[in-house]
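The values are calculated or read from the model by the stated rules, or taken from the named source; none is laboratory data. None of the values given here were measured: they were computed from a predicted structure. Cβ sites come from the backbone with ideal geometry, for glycine too, and all protein chains shown count toward neighbours.
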Amino acid sequence: MVKVLLWGSLRTHTDGQAEVEVEARTFKEVLDRLAEAYPGLRPQIERGVSMAIDGRIYREAWFTEIKPDSEVVVMPYMTGG
Amino acid sequence: MALDSHGKREFKQIGTRVARPDGIDKVTGRALYGADMSAPGMLVGRILRSPHAHARILRIDTSEAEAIPGVKAVVTGADFSIPDDAALADISVNVMARTKALYDGHAVAAVAATSAQAAKAALKAIKVEYEVLPHVTDVDAAMAPDAPVVQKGRSLESVPAGMGANVTHHCEFGHGDLEAGFARADKIVERSFKTAATHQGYIEPHACLATMNGDGRADLWCCTQGQYMVRTVCAGVLGIEASQLRVTASEIGGGFGGKTTVFIEPVALMLAKKSGKPVKIVMTRDEVFKATGPTVSTSIDVKIGMTKAGRITAGAATLRYSGGAFPNTTVDMGAQAAFAAYDLDAVRTVGWNILTNRPKESAYRAPGAPQAIYAVESVVDELCLALNLDPLDVRILNAARKGTKSSYGPTFDDIGLLATLEAAKAHPHYNTPLKPGQSRGVSCGFWFNFGGNTCVSLNINTDGTVGVTEGNPDIGGSRASISLMAAEELGVPYDKVRTIIADTASLGYNDVTDGSRVTFAVGLATIKAARDAIKKMCGRVAKIWGIDEDAVEWRDGAAHPAGPNAGKFPPMTLEEIAAISFETGGPIAGHYEVNADGAGVSFGVHLCDLEVDKETGQTTILRYTVFQDAGKAVHPDYVEGQMQGGAVQGIGWALNEEYIYGADGRLLNAGFLDYRIPVASDLPKIDTQILEIPNPGHPYGVRGVGETGIVPPLAAVSNAVSRAIDVRMHELPMSPPRVLKAIKAARG
Amino acid sequence: MSAITVSTTVNGDAVDFICQPDESLLDALRGRLGLTGAKEGCGTGDCGACSVTVNGRLVCSCLMLAAEAEGAEIGTVEGIAKGNALHPLQQSFLDHAGLQCGVCTPGILVAAKALLDRNPDPTDEEVRYWLAGNLCRCTGYDKIIRAVQSAAAQMRSA
Amino acid sequence: MRYEKPQTVAEAARLLTGEKGLSRILAGGTDVLVQLKAGLVEPDLVVDIKALPGVRSIVAEAGGFRIGAAVSNAQLGEDKAVRALWPGVVEAANLIGSTQVQGRATMVGNLCNASPAADAVPALVAAGAVARVAGPGAARDVPVEKIPTGPGKTKLKRGEFITSIFLPARPPRSADAYLRFIPRTEMDIAVASAAVSLTLDEDGRIAAARVALGAVAPTVLLVEAAAKAILGSRLEDPALEALAAACSAAASPIDDKRGTVEFRKDVVGVLAKRAARIAYTRAGGQS
């Protein structure tokens, strides 16, 4: 299980939990498990999210490995100038 | 070869100030920008725009226009279908209005004619019947429940029930116990701020040249930050296949985020399709201001608590952003970036996006961050003044550092904020006493930086020279940086390498030039492509020498036996290997494709000295210094250039730049005369100090440097002005009438 | 509208072109003569990207009718270098990174050359005010001023 | 649109009176071409007056100077004699636009464009300059302040145009100055402006003064009360304050994208004070 930190407004879809646990070993599995467990997150996940894994931000990276003790933070998909 | 041991690695070429490969073309007038390309038989394309801020389009009669001699095609919204994808659909509706004109300047029809005169006459002959609707251009007014509704049904699921129809997005970030934090504070300051929409202000207006043959094959030449983005969007909007549309990026005359989307390209393609002839569209400056992306206009509340010693105990902010008539989520980035410079136990930011009858926002250098950080840094400055604390000491005390849980969630790795603050503290600028009437402002700035999809091809030519093919338009000298990285990695002189930017048919997909990603991500891919080529060259040499590939190593531009056990062979240079490549297995090329991650965040600190004419409210910037962490400055000239250019854009934003709307919702200052970007005589020297705290995510430690520089000036200037006039300013720009009013109000 | 024939001199060479009466000199240079070095950044004289000299005087070519060029001597960015030999200003802009995107550069070079032709030893302030009509959005002007001053110093010592 | 470049005043007048549609005079073109580009005017005839005799020269006349209608402001600025006699007029003309615009723009164009914010006009009005109007009939001389009647409007009749401006001779101990307020240091239109022309007596007291204000009314204002406020003074503080107050009181500006009523009224007084000080010093006064 990895702990996944969600940003504040997503918590309305996770019964108010800021941090949820999912069984996942990769970026993609985190998103799939989140969407299954919390269908309210699905629209945001489909629009795109970034994910910070141990401080490094990934935008799309399905196979990026996640260790059980990794810090995983879901972030909005980022664009720049 | 000690790969990736940056910090220890001694660079031979990285960090030198070499001549850029496109330089001579650009100083002789030979470089071809968007409007500089022609095609035989080309038509002039022009766009008709709504004069109303908000109006239903009842009927468009183009028959008279079509009858004008020389007019070869007229298009309206009826010619375009609406793509299924919501983002594409918004772009499609933005480039050509369908049922409603959503802002002053929204395109409603377009013509292609054999001359500028005929095109102009045709625009006048198009009859559009409008039903003018109530409009709203102010972000706070638009949030009210009874505000005119810009677009119905656009709220995302993130918006709680009960909000006004213009509210399309809501977000929230942070951690810790705010109440407890504020309870620990000796002083709490809570203020509201407003910032005007500003335009990227690139000097080159959007321009393109489109052809589309009867068989559906199309070519497009345009100025853009991303030719692949243009291909994806145009193909999607026009319903054609990506392979049939080849997009070539011209030299680009500035972008700053404003050329990360399309405005005229699908229209030009549609006109080309209808007329069967090449069509060139060049925007006028007036169209650029009215119809292309400014940044968001904002309204922000900030509350910060501080102890007498200067430790921030809690910080909170509510941000209301409007990016015009279409939904966007730029506020996400503002809400995440607002407190990024601080190590906080308790922080919370709430963001809202609201529709207004303004043009669709485009990204502008660190989109969303300057406004949020301006508001936070203003309150921090007010607290420093109230508690009689040195503003740099307070920032050093509270600075985010390695191991800090950031305000947006992740824990920071190596970051350069503390080093940057300490450099500012030690700098002669900060230690020069101010003369009477002068004041000094300080602000931090932050940007995430991105990596993204990148594809690089590197060819070893038979004469020992190197060609690098990359896919990101070069806005500020990146071809030089990419060539430098290839030369460094291969161990060949810089002038043996030539980097070109491919069209969409010649190289795989690349994300747009945005998020300060090019030197980082394209650089990374170039280094990896060079290593791929090196591996192949070592393989050839291994065969020649009859030893294992592993027994060959690459050093100083040549293959060497790896250690005494590998055998005794004289080194073979790249040139020697290249010369016999046909005999040893064929051409040698390296490739790398990646969706790059690991872009290190970037921090900057700015110092600004100024004086204010208290009788007119006019601000004069006297001295300005930028401190920024570049990770590793590949080409220091262009790193400094980014720092200086960003600073000056921020100074313009702070002092004079703004979108001004009349009561009728029309833009009043759609030109460089009254949209006042800084001119040379407005400014002092902009001094720079590059810090190099290597980014662990890049082989050479590079961090993006393009965006952070625009973030600190807003507060650095505002804090200095506030200190000069002894009145806290809460609104940007601080145009002279606004400053004089504040001075007079304080006098009573 | 009937077209007008114009005989003029551009960068020392005699040229003839046909233009519309309402056509700007900039449009004629770019569209009729293929000299696309001068750029249209605004069309209203506010950005200076279209700077050329007319009879030695610095002007915005967007604010002049092509018809007015009859008998005049026009100088554009294309005429600054002599063949492949760059003018010291051009070399200095390359050496000091006085350009990023480069779209304002032709106008700035024409304007800076007009300044140094009149005043070989300007102060920084004089350079900044002379170039106030040449907008640059990339550089913050710092390296442009340094490039002009370095070229001026080099030209003085030459 | 037709483009004509007549060689004589009579030919120009004939072209202009003969045109049934809209015509425009072209000298420097820095306003006309902007209006053409924006589609604000669509003239049928443009008459380029640069080939008319005398319009490109500056000639000494009766102790003053006659400035031709096609003299560019750059050319004016290079004339040391005009600058010495009327420094305020020259600095006002030299503030218009960029170096590039200076290469083409003219004072007559600035006057005939009839913008209340025209930089040269307050200085010309304060100077008591006179415009020579040509046309179908005999040439006539008209004080500059009588030419503009409102934003974009002049008193010139059909077929009439200005061929020169005359700057008169000055008594000893005279000088003028012009200041405008703009948000940047260059490239803006004046938000408020003030020109002061004055003559001192042998004791350094102001014996004669003219104060003109720009961008604070539909036309440039010649404010007699402001001149009176400093007459007889050596620009002591009370006189300066009275000057500023008279200017602020005379101003009847509008709110627009460039400034507010309040701002313009305040700042025009500040500018008048500062311009008066400069003119006073230039005239040899010790304050």
| task | Might you check whether a residue that is more than 9 Å from every other protein chain (Cβ to nearest Cβ), of a type in the set (Lys, Arg) and without any contact (Cβ under 8 Å) to a residue 12 or more places away in the chain occurs anywhere in the stretch C:109-117? | result | no
B:GLY671 meets each of (1) within 23 Å of B:MET734 (Cα to Cα); (2) at the interface with another protein chain (Cβ under 7 Å from one of its Cβ atoms); (3) of a type outside the set (Phe, Trp, Tyr); (4) crowded, with 24+ Cβ neighbours inside 10 Å with one exception, condition (4)
TODO: Tell me, yes or no, whether the stretch B:40-48 has at least one residue that is closer than 30 Å to C:ALA81 by Cα, within 14 Å of chain C (Cβ to nearest Cβ) and not in a helix (DSSP H, G or I).
DONE: yes
Restricted to the stretch A:57-81 and to residues being under 17 Å from A:ALA24 (Cβ atoms) and not in a loop (DSSP other than H, G, I, E, B), the residue farthest from the other protein chains (Cβ to nearest Cβ) is A:GLU65
The helices (runs of 4 or more DSSP H) lying wholly within the stretch D:74-185 that contain at least 1 residues that are under 13 Å from the mean Cα position of the chain (by Cα) and more than 26 Å from D:THR281 (Cα to Cα) are D:107-112
Scanning the stretch C:113-158 residue by residue, those in a loop (DSSP other than H, G, I, E, B) and not polar (S, T, N, Q) turn out to be C:PRO120, C:ASP121, C:PRO122, C:LEU135, C:CYS136, C:ARG137, C:CYS138, C:GLY140, C:TYR141, C:ALA158
Q) Does at least one position in the stretch D:240-262 carry a residue that is hydroxyl-bearing (Ser, Thr, Tyr), under 27 Å from D:GLU202 (Cα atoms), part of a helix (DSSP H, G or I) and at pLDDT 95 or above? A) no
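Residue-wise test of (1) surrounded by fewer than 24 Cβ atoms within 10 Å (Cβ to Cβ); (2) under 24 Å from the mean Cα position of the chain (by Cα); (3) over 19 Å from B:LEU655 (Cβ atoms); (4) modelled with pLDDT of 95 or more.
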position	(1), (2), (3), (4)
B:TYR700	no, yes, yes, yes
B:GLY709	no, yes, no, yes
B:LEU714	no, yes, no, yes
B:ASN719	no, no, no, yes
B:HIS730	yes, no, no, yes
B:SER735	no, no, no, yes
B:GLY748	yes, no, yes, no
Restricted to the stretch C:128-158 and to residues being of a type in the set (A, V, I, L, M, F, W, C) and more than 15 Å from the chain's Cα centre (by Cα), the residue farthest from the other protein chains (Cβ to nearest Cβ) is C:ALA158
With the first residue restricted to the stretch D:1-27 and required to be farther than 23 Å from D:LEU40 by Cα, and the second required to be outside any loop (DSSP other than H, G, I, E, B) and aromatic (Phe, Trp, Tyr), Cβ contacts under 8 Å at 6 or more apart or on different chains are D:ALA12/D:PHE161; D:ALA13/D:PHE161
Checked against (1) among the charged types (D, E, K, R); (2) crowded, with 20+ Cβ neighbours inside 10 Å; (3) assigned to a helix (DSSP H, G or I), B:LYS744 satisfies every condition except (2)
Residue pairs qualifying under the 6 Å Cβ cut-off, at least six apart or on distinct chains, with the first in the stretch B:17-29 being surrounded by 21 or more Cβ atoms within 10 Å (Cβ to Cβ) and the second being aliphatic (A, V, I, L, M) and assigned to a loop (DSSP other than H, G, I, E, B), are B:LYS26/C:LEU99; B:THR28/C:ALA81
Of (1) surrounded by fewer than 24 Cβ atoms within 10 Å (Cβ to Cβ); (2) within 14 Å of chain A (Cβ to nearest Cβ); (3) not polar (S, T, N, Q), B:GLY351 satisfies every one except (1)
B:ALA633 meets each of (1) touching a strand residue (DSSP E or B) at 6+ places or on another chain (Cβ under 6 Å); (2) within 18 Å of B:ASN719 (Cβ to Cβ) with one exception, condition (2)
Restricting the stretch B:17-30 to residues that are touching a Pro at 6+ places or on another chain (Cβ under 9 Å) and part of a loop (DSSP other than H, G, I, E, B), the one nearest to C:ASP27 (Cα to Cα) turns out to be B:GLY29
All-but-one check, C:GLN90 against (1) assigned to a loop (DSSP other than H, G, I, E, B); (2) polar (S, T, N, Q); (3) free of Cβ contacts under 8 Å to residues at least 24 places away in the same chain, failing number (1)
Can A:ILE53 be described as modelled with pLDDT under 95, within 12 Å of chain B (Cβ to nearest Cβ), more than 22 Å from B:ASN328 (Cβ to Cβ) and out of contact with any Cys (no Cβ under 6 Å at 6 or more places or on another chain)? yes
The correct count of residues that are under 16 Å from C:LYS113 (Cβ atoms) and either within 11 Å of chain B (Cβ to nearest Cβ) or surrounded by 24 or more Cβ atoms within 10 Å (Cβ to Cβ) (or both) in the stretch C:36-74 is 12
Taking the stretch B:595-630 and keeping only residues that are crowded, with 23+ Cβ neighbours inside 10 Å, within 14 Å of chain A (Cβ to nearest Cβ) and assigned to a strand (DSSP E or B), one is left with B:ALA596, B:SER602
Counting only helices (runs of 4 or more DSSP H) wholly inside the stretch B:243-342, the ones holding at least 3 residues that are aliphatic (A, V, I, L, M) are B:265-275, B:330-337
Of (1) over 22 Å from the mean Cα position of the chain (by Cα); (2) under 20 Å from B:THR313 (Cβ atoms); (3) within 14 Å of chain A (Cβ to nearest Cβ), B:ASP414 satisfies every one except (2)
Expected single match for part of a loop (DSSP other than H, G, I, E, B) and either basic (Lys, Arg) or within 22 Å of the chain's Cα centre (by Cα) (or both) among B:VAL639, B:VAL634 is B:VAL634
Those residues of the stretch B:397-428 which are among the aliphatic types (A, V, I, L, M) and in a loop (DSSP other than H, G, I, E, B) amount to B:ALA400, B:ILE415
Counting only residues that are surrounded by fewer than 16 Cβ atoms within 10 Å (Cβ to Cβ), touching a residue at least 24 places away in the same chain (Cβ under 8 Å) and under 27 Å from A:PRO43 (Cα atoms), the stretch B:64-97 contains a total of 2
In the stretch B:67-94, anything under 32 Å from the mean Cα position of the chain (by Cα), hydrophobic (A, V, I, L, M, F, W, C) and part of a helix (DSSP H, G or I) is listed as B:ALA86, B:ALA87, B:LEU88, B:ALA89, B:ILE91, B:VAL93
A:LYS3 passes all but one of the listed conditions (1) more than 8 Å from chain B (Cβ to nearest Cβ); (2) in contact with a strand residue (DSSP E or B) (Cβ under 7 Å, 6 or more places away or on another chain); (3) not in a strand (DSSP E or B); the exception is number (3)
Residue hits (the stretch B:679-724; without any contact (Cβ under 8 Å) to a residue 40 or more places away in the chain and in a helix (DSSP H, G or I)) are B:ALA680, B:SER681
